[in-house]
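Colleague: Structure below; questions to follow.
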Amino acid sequence: MASGNRSQTAQGLALVAPPLGYAVLVLAAPLLTILAYSFFKDGYLTVVREFTLENYRTVWSDPIFHKIMLRSLGVAALVTLATVVLAFPVAYFLSFAVSPQKKAMWLFLITIPFWTSYLIRVFLWKVILGYNGVINSGLKTLGLIEQPLTFILYNVNAMVITLAHAYAPFAILPIFIALEKIDRSLLEAGRDLGESRAVTFWRVTLPLAMPGVVAAALIVFIPTIGDYVTPALIGGGKIPMIANMIQAQMLDLDNRPMGSALAVTAMLIVAVISLAFVALNRRFLGVRQ
Amino acid sequence: MTTQNPGPKTTAAHRAAMAGARPMIEIRQVQKHYGDYHALRGIDLTIRSGEFFSLLGPSGCGKTTLLRTIAGFEDISSGVVLIDGQDMQEVPANRRPTNMVFQSYAIFPHLTVAENVGFGLRRDPRSRAEKAAAVEQALEMVGLKGYGSRASHALSGGQRQRVALARALILKPKVLLLDEPLSALDRKMREQMQVELIKLQRQVGITFVLVTHDQEEALVMSDRIAVMFEGQIAQMDGPEALYARPTSRRVANFIGVMNFLPARVLGETGEAVQIEAPGLGRVDIPMANVSRADPGDAGPSVGFRPEAVSLLATGAQTANRVAGGVIDEVVYYGDMTYYDVRLDGSAGFDGQARPVRIAMRNVFGREVQDVGTRANVSWSPGSLVLFR
């Protein structure tokens, strides 16, 4: 029995070894390196391998870091809100209005934006929103405006539009799956017990879809905080987010310990916020994953 | 009357009270089409107030569709549905005076037991404390006192069903609709719940409409049963009448077991039909026991239930008629023994052997007979039904 277990364990280890090795190599090792760097001293263009907490002290007391971190959180929160609010009706339509035979086709259609690279999609938003872009030239041709609108590019709104579009499928799918899992007789039961369709949605459908909504929010929130391309292109480089700040420290200023400390700090903040979000949902909405 | 026995449901007094009750549900000429599929083909029935009524039939016969049209989950293509005298045409499901116990029970997984039971009380003008008391009372009625704070996903099948019942009954509907409520339970639990449902129905006095494919369940629980095939009602009667005098072979086959022998009609008087059947000889069948054959039948036939005839002990005397035969097969069930007997001369008109099944209760002192022994079968003309 014991030998059987051991051989089973060995078999399991053999199976997970390749992806585990890969994950250690490309995820754990760089993370640990960054963590180690963040405690080293910066010796102008070199890294002095001596332990210090000075990087963290600088990061936490730096008003620029405060401002950029808050902006990153704000943009990510706005993007998450916009994406989830817009994705929910799409997921609802997919789950409730589309006939079962056509669901696969609709899911396929929703993944079409993925056929184009993320970078190109972001760049195309610049083409759409730009000074001589699609919207401005269109409105000018129609005679609705004389001068191009300048408030539609190089600001937070434009970043939210771009990121919400980029992450929409990631939000639609978990909500769709949560809606698909709802036993339809529960909705009939809600009606049978005297509630209108709208109230049944509020009291039955929405609470049961919350695990999907929470998953969607996290899937959108976490990567958008660290997004680098959109602030650079759509923000015009004038409204950097945390990833741009880390990049500047790491590469432009070649202060790797400082960049590492920034990265670790941002990671901790995101982790704490995400855990608090999940805990709050579990506590107040009774969401069970 | 033991505690297990729900009481004399089929007494003459009970039947008379039922017959006099006012109609609660009236269904007139109801048709339902799903595209090309004709699900309900002209249903006419009246369910009386306080009645325990069952819709019985094989799957796909339209019984669940009919229940859902009463609940308001399906629109009807034509016809009228009245509940307590009110036309339901324009009344949506959430405004109908009906509540349903779903086949899957449809317990809200995100709510506790008490929140489930109190779900329909949101707009009830009573105070929070009064509603909580009502929920506790409803839980007590279904035997779940003290379960209120439990998470609903931790309940067993039987408990979920009780929650579904309490959740529906707390709203005091005029009609409680039950969609195969016992089919998900194991046999012991099912039999226990049958008795509890009958008691509960008598206690609350609400009209119950049950959908089931289990003929035994329908016989045990109902005041009246509508047997449905292919979107039509084949027969509507009390359990006893349905079992003893099925009006067609198809109903006879669906409700319990019935033996059939081919018959030849010899003549007819005002009171009886004289026939000849292989193995039984000439018999006068009273008019009350004459039913119709189904379109696919080869010709007239007589039928009788396995327990309507009996094996005669050797040398015993009887006032009934006796047919001789040979025991072909013996199936022992503990409380009952089933004998398949080939009656003398039953090969009859076409030479085909047709053993008949006879059910005997295994009372003390009666030995189980062996295969191949000769046996005398005692029967009376009153226990036969003629299908022609």
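Please treat every number below as a calculation from the coordinates, not as lab data. Fair warning: this is a prediction, and the values are worked out from it, not measured in the lab. Methodologically, a virtual Cβ is constructed for each residue, glycine included, from the backbone with ideal geometry; neighbour enumeration extends over all protein chains shown.
Colleague: Measuring from label point to label point, each 7 Å out along Cα→Cβ, what is the A:N155 to B:E240 span in nm?
Modeller: Here the modelled spin labels are 8.6 nm apart.
Colleague: Got a sec? How would B:R128, A:R256 order by Cβ neighbour count within 10 Å, fewest to most?
Modeller: Working: B:R128 9, A:R256 21.
The order, fewest Cβ neighbours first, is B:R128, A:R256.
Colleague: May I pose another question? Give me the net charge for the shell around B:M287: Cβ to Cβ below 14 angstrom, other residues only, Lys and Arg +1, Asp and Glu -1. Walk me through the numbers on the way to the answer.
Modeller: Values: positive: B:R245, B:R292, B:R388; negative: B:E268, B:E271, B:D284.
It works out to a net charge of 0.
Colleague: When we measure straight from the Cα of A:K41, which aspartates and glutamates land under 17 angstrom away, once same-chain ones fewer than 8 places off are left out?
Modeller: Excluding near neighbours in sequence, the set is A:E50, A:E54, A:D254.
Colleague: What number comes out for the charge environment of B:I27, summing +1 per Lys or Arg and -1 per Asp or Glu over other residues with Cβ under 12 Å away?
Modeller: On the way: positive: B:R28, B:K32; negative: B:E26, B:D44, B:D87.
Local charge sum for B:I27: -1.
Colleague: Here is a further query. I want the antiparallel fraction of DSSP beta bridges within the protein assembly as shown, as a percent rounded to 5. Could you put the intermediate results ahead of the total?
Modeller: Values: 63 of 84 bridges.
Among the beta bridges of the protein assembly as shown, antiparallel pairing accounts for roughly 75 percent.
Colleague: Moving on. Which one of A:P174, A:P18, A:P223 has the biggest mean-square fluctuation once chain A is modelled by GNM with Cα springs under 10 Å?
Modeller: Comparing A:P174, A:P18, A:P223 in a Gaussian network model of chain A, the most mobile one is A:P18.
Colleague: To make sure I understand, if each residue's beta carbon is the centre and we count other beta carbons within 10 Å, what order do B:L40, A:L78, A:L31 fall in, fewest to most?
Modeller: Fewest-to-most ranking of B:L40, A:L78, A:L31: A:L31, A:L78, B:L40.
Colleague: Mind listing the long-range amide H neighbours of B:L144? Cut-off is under 5 Å, sequence gap 5 or more, other chains count too, H placed in the peptide plane at 1.01 Å from N.
Modeller: Amide H neighbours of B:L144, under 5 Å, 5+ apart: none.
Colleague: Next question. For peptide A:198-208, how many partner chain Cβ atoms fall within 10 Å of a residue's Cβ, on average? Present the calculation step by step, with values, prior to reporting the outcome.
Modeller: On the way: counts 0, 3, 1, 0, 0, 5, 6, 0, 1, 4, 3.
Across A:198-208, the average partner-chain Cβ count within 10 Å equals 2.
Colleague: Treat every Asp and Glu Cβ in the stretch B:12-244 as -1 and every Lys and Arg Cβ as +1, leave all other atoms uncharged, and give the resulting dipole magnitude about the Cα centre to the nearest 20 debye. Kindly include the intermediate steps, with their values, before the conclusion.
Modeller: Details: 28 positive and 26 negative charges, 171 e Å.
About 820 debye.
Colleague: Moving on to the next point. Helix B:187-204 versus the longest principal axis of chain B: what angle, 0 to 90°, nearest 10, using Cα atoms?
Modeller: 60
Colleague: To the nearest whole number, what is the average tally of beta carbon atoms from other chains within 10 Å of the beta carbons of peptide B:93-104? Intermediate values should be presented prior to the final figure.
Modeller: Working: counts 8, 10, 3, 3, 0, 1, 4, 6, 2, 6, 1, 5.
Across the residues of B:93-104, the mean count of other-chain Cβ atoms within 10 Å is 4.
Colleague: Further, regarding this structure: I need B:V101, B:V220 ordered by Cβ neighbour count within 10 Å, fewest first. Please list the in-between numbers first.
Modeller: Numbers: B:V101 26, B:V220 17.
Lowest to highest Cβ neighbour count: B:V220, B:V101.
Colleague: Considering Cα pairs under 8 angstrom that are at least six residues apart, work out the relative contact order of the stretch B:250-387 and quote it in whole percent.
Modeller: Working: 284 pairs, mean separation 41.8, N = 138.
Result for the stretch B:250-387 is 30 percent.
Colleague: Can you compute the FRET efficiency between B:K174 and A:L124 using 1/(1 + (r/R0)^6), with r the Cβ-Cβ distance and R0 = 51 Å? Round to the nearest 0.05. Each step should come with its number before you reach the end.
Modeller: Working: r = 62 Å, r/R0 = 1.21.
Using R0 = 51 Å, I get an efficiency of 0.25.
Colleague: Relative contact order for the stretch A:62-288: what is it in percent, counting Cα pairs under 8 Å that are at least 6 residues apart?
Modeller: Values: 238 pairs, mean separation 62.1, N = 227.
Across the stretch A:62-288, relative contact order equals 27 percent.
Colleague: Peptide B:119-126: average number of partner chain Cβ atoms within 10 Å per residue? Before the final figure, lay out the partial values.
Modeller: Details: counts 8, 6, 2, 5, 3, 1, 0, 0.
Mean shielding count: 3.
Colleague: Counting only residues 5 or more places away or on other chains, whose amide H sits under 5 Å from the amide H of B:Q235 once H atoms are built in the peptide plane?
Modeller: It is B:V227, by chain and number.
Colleague: Check B:L312: other-chain or 5+ apart residues with amide H under 5 Å from its amide H, H built from backbone geometry?
Modeller: B:N376, B:V377, B:S378
Colleague: Next question, about the same structure. In sequence order, what are the phi-derived ³J(HN,Hα) couplings for the stretch B:220-230 according to the Karplus relation 6.51 cos²θ - 1.76 cosθ + 1.60 with θ = phi - 60°, rounded to whole Hz, with x for glycine and proline?
Modeller: 5, 9, 8, 7, 9, 10, 9, 8, 10, 10, 6
Colleague: Using unit Cβ charges (K, R positive; D, E negative) and no other charged atoms, how large, in debye to the nearest 20, is the dipole of chain A about its Cα centre?
Modeller: Details: 21 positive and 13 negative charges, 93 e Å.
About 440 debye.
Colleague: Please say if chain A is rounded, prolate or oblate, where rounded means a/c under 1.5 for a ≥ b ≥ c the square roots of the C-alpha gyration tensor eigenvalues, and otherwise the choice is prolate for a/b larger than b/c and oblate otherwise? Mind dumping the intermediate values first?
Modeller: Details: a/c = 1.95, a/b = 1.14, b/c = 1.71.
Verdict is oblate for chain A.
Colleague: Let me ask something else about it. Pop out the ³J(HN,Hα) list for the stretch B:325-333 in order, Karplus 6.51 cos²θ - 1.76 cosθ + 1.60 with θ = phi - 60°, rounded to Hz; leave Gly and Pro as x.
Modeller: Running phi through 6.51 cos²θ - 1.76 cosθ + 1.60 with θ = phi - 60° gives x, 10, 6, 9, 7, 10, 10, 9, 10 Hz.
Colleague: Across the stretch A:78-84, in residue order, what do the Karplus-derived ³J(HN,Hα) couplings come to in whole Hz, using 6.51 cos²θ - 1.76 cosθ + 1.60 with θ = phi - 60° and x for Gly and Pro?
Modeller: 5, 4, 4, 4, 4, 5, 5
Colleague: Continuing with the same structure: What nm value, rounded to one decimal, do you get for the distance between B:R128 and A:V16 when each label is placed 7 Å out toward the C-beta?
Modeller: According to this spin-label approximation, the distance is 4.7 nm.
Colleague: Would you be so kind as to identify which of A:F108, B:V265, A:I120 lies farthest towards the positive end of the dipole of the protein assembly as shown, taking Lys and Arg as +1 and Asp and Glu as -1 on Cβ and the Cα centre as origin?
Modeller: Selected residue: A:I120.
Colleague: Of all DSSP beta bridges located in the stretch B:12-244, what percent are antiparallel, nearest 5?
Modeller: Values: 22 of 40 bridges.
Bridges in the stretch B:12-244 that DSSP calls antiparallel: roughly 55 percent.
Colleague: Tell me the net charge near A:I239. Cut-off is 11 Å between Cβ atoms, A:I239 excluded, with +1 for each Lys or Arg and -1 for each Asp or Glu. Present the calculation step by step, with values, prior to reporting the outcome.
Modeller: Working: positive: A:K67, A:R71, A:K238; negative: none.
Charge balance in the 11 Å sphere: +3.
Colleague: At what distance in nm do the modelled label points of B:A151 and B:E191 sit from each other, each positioned 7 Å from its Cα along Cα→Cβ?
Modeller: Between B:A151 and B:E191, the label points sit 3.5 nm apart.
Colleague: Next up: Among A:I68, A:V84, B:G279, whose Cα sits farthest toward the positive end of the charge dipole of the protein assembly as shown (+1 at Cβ of Lys/Arg, -1 at Cβ of Asp/Glu, about the Cα centre)?
Modeller: Farthest along the dipole direction, towards plus: A:I68.
Colleague: Here is a further query. In degrees from 0 to 90, rounded to the nearest 10, what is the angle of the helix B:128-141 Cα long axis to the longest principal axis of chain B?
Modeller: For B:128-141 against chain B, the angle is about 20 degrees.
Colleague: On full extension of the chain, what length is gained from B:R388 through B:Y34, given 0.36 nm per residue of separation minus the C-alpha to C-alpha distance?
Modeller: Here the segment from B:R388 to B:Y34 would lengthen by 124.0 nm.
Colleague: Would you mind working out the magnitude of the charge dipole of the protein assembly as shown relative to its Cα centre, with +1 at each Lys and Arg C-beta and -1 at each Asp and Glu C-beta, to the nearest 20 Debye?
Modeller: Numbers: 65 positive and 54 negative charges, 286 e Å.
Rounded to the nearest 20 debye, it is 1380 debye.
Colleague: Please give the length that would be gained between B:E115 and B:E90 if that part of the chain were fully extended, namely 0.36 nm times their separation in residues minus their C-alpha to C-alpha distance (nm, one decimal). Working shown, then result.
Modeller: On the way: separation 25, 0.36 × 25 = 9.00 nm, distance 3.01 nm.
In short, 6.0 nm is gained.
Colleague: Here is a further query. Taking the Cα centre of the protein assembly as shown as the origin and placing charges on Cβ (Lys, Arg +1; Asp, Glu -1), which of B:L197, B:M100, B:N253 is farthest toward the positive end of the dipole?
Modeller: Going by the charge dipole, the pick is B:M100.
Colleague: Please report the relative contact order for the stretch B:272-330, taking Cα pairs under 8 Å with a sequence separation of at least 6, and give it as a percent rounded to a whole number.
Modeller: 22
Colleague: For every helix of n ≥ 4 consecutive DSSP H residues, a contribution of -39,500 (n - 2.57) applies; sum these over the protein assembly as shown, divide by its total residues, and give [θ] at 222 nm rounded to the nearest 500 deg cm²/dmol. Please report the intermediate quantities before stating the final value.
Modeller: Working: 23 runs with 283 residues, N = 677.
When only DSSP H runs of four or more count, the value is -13000 deg cm²/dmol.
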